[in-house]
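Please read the structure below before turning to the comments.
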Amino acid sequence: MGFLGDNQIIKTVEGGMKKRIPFIILLVIAIFWGITLKNEFLYVLNWWALFLLIGLLFMPLSMRIFPTFTDKGYLFSKVIGLAISSYVLWLFANFKIIPITVHGCWGVVAACGIAVYMLFYRKKEAKDINLFSEDTITWATIGESIFLLSLSFWTYLRGFNPKLEGLEKFMDYGFVNSILKSRFIPPNDMWFAGESINYYYYGQYVTAFLTRLTGIKTEISYNLMMATLFAFSMALCFSIVSNMLKGYGVKKNSSVITGGLIASTLVSLGGNSHSFFYGFLPKIIGKGGGYWFPNATRYIGYDPETNDKTIHEFPLYSFVVSDLHAHVVNMIFVLTIIGIFLAVFKKLQKRADESWHKDNPLLELFFPELILIGLFIGIFQMSNYWDFPIYLTVCLFTLIFAGLRNYESAIKFAGVAAIRFLLVVVMSLAFALPFNLNFDTITTEIRLTTARSLPHQLLVLWGYQLLLVIIFCVFIFFFEQNIKWRWERGKAARKKLRNELTLFKRIQNVFLKNPIEDVFALILCVSAIGLVIIPELVYVKDIYEASHKRANTMFKLTYQAFIMFGLVAGYIVIRIRQFSVRDWKVKTALITSVVILFIPMVYPFYAISSWYNKMNPEYYKGLDGLAFLKEEYPDDYALVEWLRENIEEQPVVLESNGDSYTYHGRISMSTGLPTIQGWYVHEWLWRGSSGLVQERVDEVKIIYESDDIYETERLLLKYNVQYIVIGKLEHKQFGALNESKLLSLGDVVFEKPEIKLVRVRLTNP
């Protein structure tokens, strides 16, 4: 009796500890924030609390989409809520109904949250799904912990190099500020006065949306957004793969968590093999010096030097350099739609098992998830167009292979899949229609590739991923199925079954009899391999035709391939582990897979330590991305602050223009106020013509240098210029700057030793 009592006490204590784990985690993170982030602690708390609120508001919808997931889609509810509420506001702002203000943003979030609860929350359904079960809460806590820890880590990391300068940060930051200043959609282009942004700006719009909701300054919210992208990358990858493993039937939670963390790590913190072969190995054998981490993204065309220079980025490089670019922001939506595809796969499999769709002809063709898929694929057209055809194709694969087990009739199967896919296409185009009506396509021409990557280069970039896929395919197509005839009683029966296992029969067995998680993993594998092969066959023509023909095509396609391969890798390792490790084939495959995973993990040690000063506390600077402006260009910073405090609308502020990736455009970037012409090459790409850009460049030169005051006034009126910046940079850019003429055109409303701001006094005749 005493023994039983002791056991009961132990169980009670253990149960109490489990309930306290979430609070313990939060306490630890809060202490970490307080010590490391210091005065910026409240910014991070505010930001995290917002996503917590959005997730809770949209949880009723997520539990309907992800009923078979361990956490009922808790992590995905944050992104789904963000996508829906930001899109609703964007749509109303398009029609000039609701502006992008604090009240507008919060009003839409509240309205969408109420609508979700009214439409999707039913007590009976919540009970059936068992939303508040201990298992659901446990997995939701694990997911939230990964998200929060990842957010904390990358926020802290950004504090070592927070400045919004270099690469394309000026552009990304400028878009966010321009959207916040524009009030309505489409937003004004801060570097092409009088025109709207002709770029896939939705990712920057989402950042602006979150900035409005939190009330945090853009120079801080920019860095918080980068940390958020990393956090979602870690958390959503974990959720996808852990649910694949649970669905397959992995019993041990430790194995499920391990597989999810492997996927998270490979996608978010892993690199390609370049750093291993060109950095780590040479150093080990004593023949290597320093390794520059960007070389891993600039390999084909650079080593050896050719006229076929390409780009092959991956998420960690993007997170490290922190350009808030289209393909980076869209990652959270990409991972969410992959999660939805998995949920749809499971749902259609359930229909096949239960055959209940036969009594619901309409539901056989349409289910609510298709609307959400259409929304996300529609958003892809506005955030990163390359992802639109990619995931439209993955959607087609999902609908086809998910429906294979539903129908014996090939005609009915093909018809149902086609109608479902057509519905997705139509809805995605409808969701993106307001954007496309105000957008001029940058390029549409597809050409055959004349240059090819060298075989060893492809192996360096994709060798370990391909090897993992081969190991996986060998196991499910051959080894696993061979076990069947080995276990059959009788020599004749074994021989008969072995002879029946032709390659076609093996493939058929996998797609019709294996767990759907295997099929889903194969879809991701095939899609990833296809994305790697396509740039070796065709490319999309753009302005970089001379020496970087394939650069954008390879960059945008293989970026998604990297994500898919990383997800599958976590599943493969644990999937193989489910066989008896006593078998030498299993043991060999498992050891090989684990060793392979070491290769991509070399990269973060080079990249993070190089960019973030080895995380030495004495170099910690905080989250203010404009602090560098205050320190290095104090007069420019003072002008930026004055404009922010005194200018409400979006008057044109003329400043110096120059080449891309330079300091030019610093005032328009920092304030969101448009100037006549900003970065040359970027506007050339967006406008599709260097002539339009060059015309503005020449006219800006005339304004600053010409002695002809009448021509100057004509050009100022043409672009409705209300303010002129005369600073150190303008004097350097325009050697013959006619300051006396410019001062005669208006009043000096701001002045520092190295900069003046003239408010123009002109009347349109």
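The values are calculated or read from the model by the stated rules, or taken from the named source; none is laboratory data. The model shown is predicted, which means the values in this text are computed figures rather than measured ones. Positions of Cβ are generated from backbone atoms using ideal geometry, with glycine treated the same way; all protein chains shown enter the neighbour counts.
What single numbered condition from (1) within 21 Å of the chain's Cα centre (by Cα); (2) closer than 23 Å to Gly81 by Cα; (3) not polar (S, T, N, Q) fails to hold for Lys217?
(1)
Would you mind listing the helices (runs of 4 or more DSSP H) fully within segment 674-755 where at least 2 residues are under 38 Å from the mean Cα position of the chain (by Cα) and either surrounded by 18 or more Cβ atoms within 10 Å (Cβ to Cβ) or at pLDDT 95 or above (or both)?
Because the criterion is at least 2 residues that are under 38 Å from the mean Cα position of the chain (by Cα) and either surrounded by 18 or more Cβ atoms within 10 Å (Cβ to Cβ) or at pLDDT 95 or above (or both), the helices (runs of 4 or more DSSP H) in segment 674-755 that meet it are 680-687, 690-705, 728-733.
Quick check: anything in segment 226-234 outside any loop (DSSP other than H, G, I, E, B) and either among the hydroxyl-bearing types (Ser, Thr, Tyr) or free of Cβ contacts under 8 Å to residues at least 60 places away in the same chain (or both)?
Looking through segment 226-234, at least one residue is outside any loop (DSSP other than H, G, I, E, B) and either among the hydroxyl-bearing types (Ser, Thr, Tyr) or free of Cβ contacts under 8 Å to residues at least 60 places away in the same chain (or both).
When you look at Lys72, is it in a loop (DSSP other than H, G, I, E, B) and either within 24 Å of Val329 (Cα to Cα) or touching a residue at least 12 places away in the same chain (Cβ under 8 Å) (or both), yes or no?
When the stated conditions are applied, Lys72 passes them.
Considering only residues that are under 17 Å from Leu461 (Cβ atoms) and either in a strand (DSSP E or B) or more than 24 Å from the chain's Cα centre (by Cα) (or both), which ones fall in segment 517-538?
Glu536, Leu537
Name the pairs: first residue in segment 158-169 and closer than 12 Å to Asn613 by Cβ, second residue at pLDDT below 90 and among the acidic types (Asp, Glu), Cβ to Cβ under 9 Å, at least 6 apart or on different chains?
Gly159/Glu40
With respect to the numbered conditions (1) acidic (Asp, Glu); (2) over 22 Å from Ala569 (Cβ atoms); (3) buried (at least 17 other Cβ atoms within 10 Å of the Cβ), which one is the sole condition not fulfilled by Glu305?
(3)
Taking the residues in segment 608-653 that are farther than 30 Å from Phe184 by Cα and of a type in the set (Asp, Glu) as candidates, determine which candidate is modelled with the highest pLDDT.
Asp635
Just wondering, is there one or more residues in segment 643-655 that are over 31 Å from the mean Cα position of the chain (by Cα), without any contact (Cβ under 8 Å) to a residue 40 or more places away in the chain and assigned by TED's automatic domain parsing to the domain that holds Phe562?
no
Of these, Tyr199, Tyr205, which one is aromatic (Phe, Trp, Tyr), over 21 Å from Pro604 (Cβ atoms) and at pLDDT below 95?
Testing whether each residue is aromatic (Phe, Trp, Tyr), over 21 Å from Pro604 (Cβ atoms) and at pLDDT below 95 leaves just Tyr199.
Please go through segment 594-619 and pick out each residue that is touching a helix residue (DSSP H, G or I) at 6+ places or on another chain (Cβ under 9 Å) and not in a helix (DSSP H, G or I).
Leu597, Phe598, Tyr612
All but one of (1) outside any helix (DSSP H, G or I); (2) under 13 Å from Val469 (Cα atoms) hold for Gly622, so report the exception by its number.
(2)
When both residues are 6+ apart or on different chains and their Cβ atoms are under 6 Å apart, which pairs have a first residue that lies in segment 239-267 and is hydroxyl-bearing (Ser, Thr, Tyr), and a second that is outside any helix (DSSP H, G or I)?
Close Cβ pairs (under 6 Å, with a partner that is outside any helix (DSSP H, G or I)) amount to Tyr248/Pro515.
Would you confirm, using the coordinates I've provided, whether Leu316 is under 30 Å from Gly143 (Cβ atoms), not in a loop (DSSP other than H, G, I, E, B) and not assigned by TED's automatic domain parsing to the domain that holds Thr450?
Yes: the conditions hold for Leu316.
Give the residue that is nearest to Leu459 (Cα to Cα), with candidates limited to residues of segment 279-293 that are outside any loop (DSSP other than H, G, I, E, B) and free of Cβ contacts under 8 Å to residues at least 40 places away in the same chain.
Leu281
Failed condition for Arg714, given (1) in contact (Cβ under 8 Å) with a residue 12 or more places away in the chain; (2) more than 22 Å from Asp659 (Cα to Cα), with all others met?
(1) is the only condition that Arg714 fails.
Would you pick out the residues in segment 416-427 that are of a type in the set (Gly, Ala, Ser) and either closer than 21 Å to Lys346 by Cβ or in contact with a Ser or Thr (Cβ under 9 Å, 6 or more places away or on another chain) (or both)?
Ala417 - this is the single residue of segment 416-427 that is of a type in the set (Gly, Ala, Ser) and either closer than 21 Å to Lys346 by Cβ or in contact with a Ser or Thr (Cβ under 9 Å, 6 or more places away or on another chain) (or both).
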